[in-house]
Structure formats: structure tokens, C-alpha cells
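The next block holds one structure in the form of C-alpha cells; read it before the comments.
The values are calculated or read from the model by the stated rules, or taken from the named source; none is laboratory data. Predicted, not measured: the structure shown is a model, and the values here were computed from it. A quick note on method: Cβ atoms are made from the backbone with ideal geometry, for glycine too, and the neighbour counts reach across all protein chains shown. Note: areas computed on protein heavy atoms with side chains; ligands, DNA, RNA excluded. Shrake-Rupley method; radii C 1.70, N 1.55, O 1.52, S 1.80 Å.
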Amino acid sequence: MRIMKFGGTSVGTPDRIRSVTQLVTGTGEPVVVVLSAMSGTTNSLVEIADLLATGNPDAAQEKIHSLELRYETVVQSLFETAQIREKGREMILNHFNYLRSFMQDLFTAYEVKCLLAQGELISSALFQFHLEEIGIQSVLLPALNFMRIDREQEPDQYYIRENLLREMERYSGNLLFVTQGFICRNAYGEVDNLRRGGSDYSASLIGVALNASEVVIWTDIDGFHDNDPRYVENTHAIAALSFDEAAELAYFGAKILHPSTILPAKIAGIPVIIKNTMDPGAGGTTISERSSGKGVKAIAAKDGITALRIKSGRMLLAYGFMRKVFEIFELYKTPIDMITTSEISVSLTIDDLTNLAQIVDDLHHYGTVEVDHDQTIICAVGEGIASETTTAAGLIKALGEIPVRMISSGGSENNISILVPSTFKSQALNALSSHLFTH
Ligand code: ADP
Ligand code: ASP
Ligand code: MG
């Protein structure tokens with residue numbers, strides 16, 4: 001069993017959808033195809049939801065209309081027979097009538113989730129109709145029948161496996177299954193999602209549930225690059241990464257993978273392969289147990305970070321201080337990313353600001369609190385780099401005059417993290433690439 005996930009660009013036009021068909025057929029083993037929404041759709045749905053939430057139904061209506069026109073064009077050019085074209089048109093109309101039904105005063109968080117789910121529901125139906133039209137046998141598995149998160153927003157792996165297997169057993173002998181990425185139900189049975197970029201996560205959860213031989217993430221670039229190609233020129237694809245390396249890079253901002261994708265695959269020992277839909281012959285990146293040598297493999301950056309410095313004159317020798325500080329973050333369910341300490345103070349970073357005011361209030365019991373917004377974690381990743389003697393020094397030297405707010409090394413063997421103001425992000429990424437990867 002192989003899982004193949006296709007991102008937004010990979011299903012972004014009728015031609016792209018046709019190419020996906022070639023990639024998923026003729027592999028000789030059962031395949032589950034996990035699809036994202038067509039590129040730009042989820043962003044448009046987020047904008048529509050924002051307009052509705054802020055009381056702008058007319059502007060929302062206009063956006064819904066232009067998105068609908070786009071899909072009408074897709075239906076027109078993707079399908080060739082009158083019968084499937086009609087089926088496609090009807091499906092699009094149903095989804096857009098549903099979107100229009102949200103034009104009411106009360107617009108709840110639950111309704112936002114229902115609205116955001118439409119992109120994947122449409123792309124998977126379009127793909128399924130296309131397969132039907134060209135005579136390829138396949139089954140559409142509704143993700144809402146098996147993908148579920150629990151009360152802690154974590155995937156309910158037992159439920160996913162049981163329900164996915166039950167759905168698939170109804171079609172024994174079928175070799176091609178199609179399903180939606182990103183969307184799921186929550187513990188209350190409501191429509192929910194795995195957060196932006198979540199189709200990668202869907203694919204790895206499905207891979208684990210089915211004990212797949214591999215999970216292939218088909219995207220718009222030829223693999224995991226050594227730096228963020230949106231900020232740095234001349235980045236290169238990395239042939240092999242270990243699970244730990246890839247997990248750290250994804251967690252620390254490499255947009256190519258949803259941050260949670262790797263962990264389930266690592267636990268189950270299922271390789272994750274990144275391939276380019278536009279250039280299927282290119283090698284791509286294989287993420288597996290195996291690492292490929294020493295040194296920094298790649299740099300990633302995570303924006304939207306806030307740093308807090310808690311300074312207490314009484315911290316020196318005061319055991320229990322850290323526990324009290326951490327308990328505050330636990331109370332407000334706010335994860336901490338980086339942490340550095342000195343004798344009298346501790347600096348840490350968070351990216352969820354929902355409860356920042358209460359957190360700062362509570363921290364004031366233990367000392368003064370400084371808050372710096374708009375920071376970026378720059379993260380260098382490579383097996384064992386934290387214990388290499390010259391690596392950290394080389395990184396800091398390469399940053400030159402760029403102000404560094406925090407440095408963290410040794411927390412993980414594989415990661416050296418540096419916090420800089422976000423205005424220096426691009427400069428920092430480029431400086432590190434020149435230092436590390438220009439040969
Ligand atoms: P998809 O729609 O297929 O899920 P994404 O846009 O989510 O694709 O992810 C692919 C994009 O991630 C690339 O086009 C690239 O701009 C960006 N990206 C950021 N960091 C990296 C990296 N280290 N390697 C490759 N791509 C990266
Ligand atoms: N369509 C969703 C998004 O844009 C999920 C995904 O593409 O992975 O976030
Ligand atoms: Mg993505």
C-alpha cells in the first residue's frame with residue numbers, strides 16, 4: 001500500500017489533474033491518493049470567512065462568485081463528455097450554494113470550519129469524476145468518515161485506523177482510493193481540520209493507519225531544500241534526511257511539510273518521500289531512519305515568535321523557580337519553543353499569543369517580564385551538529401552584525417536555534433546559506 005499526497009499546485013489546473021492520474025496509476029500496488037484543495041482555494045475560503053465574520057456579506061458574496069467562476073472554467077476544460085461535465089457542474093453548484101448559505105448574521109467558529117472544508121471536497125470530487133470519465137476504477141473515501149481529532153486536537157489514531165479499514169474493506173480488490181487531506185471531524189463529531197497545510201499530516205496518518213510501504217508527498221519543488229527557496233537563491237534539494245532532521249526542519253518553519261507530518265511516520269518506520277509533480281524523474285528527498293552524514297543539512301525559519309524574559313533577583317539558587325514558570329505556560333496550554341537561562345533570568349519563546357496578557361500577569365509574581373514581538377527562529381539542522389565543536393561558532397560568525405536575541409544549542413543533538421528580529425530574517429538566511437552551502 002502506497003500513500004500519495006498531492007498539494008494545491010499539483011492539482012491546481014486541469015492539466016495538473018491529468019498528470020496526477022498518470023502518477024497514481026500503474027504502480028502495481030494499492031494506492032491511496034490524498035488531495036489538497038486546488039491552489040489558492042483555501043486562502044480564498046479564509047478570506048470569505050473573514051469577510052463574513054467582520055460583517056461584509058457583499059464582499060464575501062463577490063469572492064464566492066469569482067471562485068465559482070474559476071471552478072466553472074475548470075469543469076469546462078477538465079471534462080470532455082456532456083454527462084460528466086453536467087455532473088461536475090451540479091457538484092460545483094451544490095458546494096457554492098452551500099457557501100452562499102452562510103450569508104447570515106451569526107457566523108460561528110464551527111461554520112468557518114465547514115466553509116474551509118469545501119476546497120478539498122471539491123478537488124477530490126473533480127478528480128474522482130475525471131477518473132470515472134477516462135475509465136479508471138477508483139473509490140472516493142470521505143475523510144470525514146474516518147479522520148478524527150480528539151479533545152486535545154490530537155489525531156485519534158485508533159479511531160482513524162478502525163474506520164478507515166472498515167471503509168476500505170467494503171471495496172476489497174479495489175486498487176485506487178481517493179480521499180481528502182486537511183479535513184477531519186473533532187471529538188464532538190463536528191467538521192474540523194488539521195490546520196493549514198494539513199494534507200501532509202493526513203497523508204502520514206493514513207500511511208500509519210494502513211501500515212503503508214511509503215508516503216509520497218508530491219509537491220511543486222524537487223524535494224526538501226537546504227534553505228527556504230522563497231528567501232534564498234541557489235538552494236539545493238537534499239537527497240536524504242533522517243526522520244529527526246526532517247521533523248525539526250518542519251517544526252521550525254520549513255513550509256514544505258506540515259510540522260506534525262513526520263512524527264507518526266517515524267514511530268511507524270514508514271519512509272516519507274518528497275517528489276516534484278512537475279518533474280517526477282527528479283530524485284526528490286527520502287526521509288527515513290537513515291541519516292546521510294554529518295554537518296548542517298538545512299536551515300529553516302519560523303516567524304511570528306514572541307520572546308519573554310523573566311528576570312528575578314531571587315532566582316539564584318532558588319529551586320522550583322523553573323517549575324513555577326513552566327506551570328504558567330501549561331495552565332494556558334501555550335507551548336514553549338526555545339529556552340535559555342542565566343543565573344537570574346530565563347528567556348523563552350512562544351508563538352501562540354492567545355493568552356499572552358494572562359501569562360505575563362502571572363509571571364509578574366516571580367519578577368520583571370520583558371516581551372519582544374516579531375522575532376524569527378532560525379534553525380540549523382543536521383545529525384549531531386550540536387556537539388560539533390566549530391558549527392555554532394561558524395553560524396554566529398556568519399551572522400556578522402545581525403542582532404541575536406537568543407541562541408540555543410544542545411537541547412537537541414540535531415539543532416542549533418538562533419532568535420533574530422524578523423526584519424533580519426532574509427539577511428540571516430542568506431548569510432547562513434553563503435557560509436554553509438556555497439562550495
Ligand atoms: P503543497 O501545496 O504541495 O503542499 P507547499 O506550498 O505547502 O506545497 O510547500 C512547498 C513550498 O514550500 C515550496 O514551493 C517552497 O516555496 C516552500 N519551501 C519552504 N521551505 C522549503 C524547503 N526547505 N525546501 C523546499 N521547499 C520549501
Ligand atoms: N488546503 C489546505 C491549506 O491550504 C491544506 C493543504 O493544502 O495541505 O492549508
Ligand atoms: Mg503544503
* Efficiency of FRET from Cβ geometry, Ser345 and Glu190, R₀ 45 Å, rounded to 0.05 -> 0.55
* Asked: Which loop-located GluC sites (Glu not before Pro) does segment 263-352 contain, where loop means any DSSP state but H, G, I, E or B and the Cβ has at most 15 other Cβ atoms within 10 Å?
  -> Glu289, Glu343
* When the dipole is taken about the Cα centre of segment 92-151, and only Lys, Arg (+1) and Asp, Glu (-1) are charged at their Cβ, what size is it in debye, to the nearest 20? -> 180 debye
* Residue by residue through segment 182-191, which ³J(HN,Hα) values in whole Hz follow from phi under the Karplus form 6.51 cos²θ - 1.76 cosθ + 1.60 (θ = phi - 60°), with glycine and proline marked x? -> 6, 8, 7, 10, 9, 4, 9, x, 7, 5
* Dipole magnitude of the chain, debye to nearest 20 (Cβ charges: Lys/Arg +1, Asp/Glu -1, about Cα centre) -> 400 debye
* Asked: Expressed as a whole number of Å, what is the distance separating the alpha-carbon centroids of segment 211-284 and segment 68-97?
  -> 33 Å
* Structure fact -> Along the dipole axis of the chain (charges at Cβ: +1 for Lys and Arg, -1 for Asp and Glu; origin at the Cα centre), the most positive-end residue among Asn186, Asn163, Ile416 is Ile416
* Proximal aspartates and glutamates relative to Lys297, as straight alpha-carbon distance under 20 Å, when same-chain residues fewer than 8 apart are discounted -> Asp222, Asp226, Asp228, Glu233, Asp244, Glu245, Glu248, Glu289, Glu383, Glu388, Glu413
* Over the chain, average the accessible area per residue using a 1.4 Å probe and give it in Å², no decimals. => 45 Å²
* Structure fact -> For segment 126-230, percent of DSSP beta bridges that are antiparallel (nearest 5) comes out at 50 percent
* Structure fact -> Residue separation between Lys333 and Glu86 times 0.36 nm, minus their alpha-carbon distance, gives in nm 84.0 nm
* Asked: From the residues Ala49, Leu263, Ile134, which one has its Cα farthest along the dipole of the chain in the positive direction, the dipole being from +1 and -1 charges on Cβ of Lys/Arg and Asp/Glu about the Cα centre?
  -> Leu263
* Expressed as cubic angstrom per residue, what is the convex hull volume of the alpha carbon set of segment 16-89? -> 116 Å³
* If r is the Cβ-Cβ distance from Asp50 to Thr13 and R0 is 30 Å, what FRET efficiency results, to the nearest 0.05? -> 0.70
* **Given charges at beta-carbon only (K, R positive; D, E negative), |dipole| of segment 121-255 in Debye** => 460 debye
* Accessible carbon and sulfur surface of the chain relative to its total accessible area, %, 1.4 Å -> 51 percent
* Structure fact -> Within the set Ala357, Ala246, Ala143, GNM on the chain using Cα springs under 10 Å gives the largest fluctuation to Ala357
* DSSP-defined antiparallel bridges as percent of all bridges, segment 218-366, nearest 5 -> 70 percent
* Return the distance in nm (one decimal) between the two label points of a simple spin-label model at Gln104 and Asp372, each offset 7 Å from Cα along Cα→Cβ. => 4.9 nm
* Alpha carbon centroid spacing (whole Å) that separates segment 3-22 from segment 364-412 -> 39 Å
* Report the dimensions of segment 138-213 along its three principal axes from the alpha-carbon atoms, largest first, rounded to Å. => 36, 22, 20
* **Glu413 paired with Ile136, simple spin-label distance in nm, labels 7 Å along Cα-to-beta-carbon** => 4.2 nm
* How far, in nm, would the chain grow between Thr389 and Leu353 when pulled straight, counting 0.36 nm per residue and subtracting the alpha carbon separation? -> 9.4 nm
* **Relative counts (whole %) of C-alpha pair distances in the chain, using bins that are 10 Å wide** => 4, 19, 27, 26, 17, 6, 1, 0
* To do: Report the accessible area of Val360, computed with a 1.4 Å probe over the heavy atoms of all protein chains in place, in Å² rounded to the nearest 10.
  => 20 Å²
* Structure fact -> Given 35-45, 344-354, the highest-first ranking by average Cβ count within 10 Å works out to 35-45, 344-354
* Asked: Under 26 Å from the Cα of Lys324, which lysines turn up, not counting those fewer than eight places away in the same chain?
  -> Lys311, Lys333
* Asked: What's the FRET efficiency of Val360 with Ala59 using the Cβ-Cβ distance as r and R₀ = 35 Å, to the nearest 0.05?
  -> 0.45
* **the chain - mean residue ellipticity at 222 nm from DSSP helices (-39,500 (n - 2.57) per run, n ≥ 4, rounded to 500)** => -12000 deg cm²/dmol
* Asked: Just for the chain, what percent of DSSP beta bridges are antiparallel, to the closest 5?
  -> 60 percent
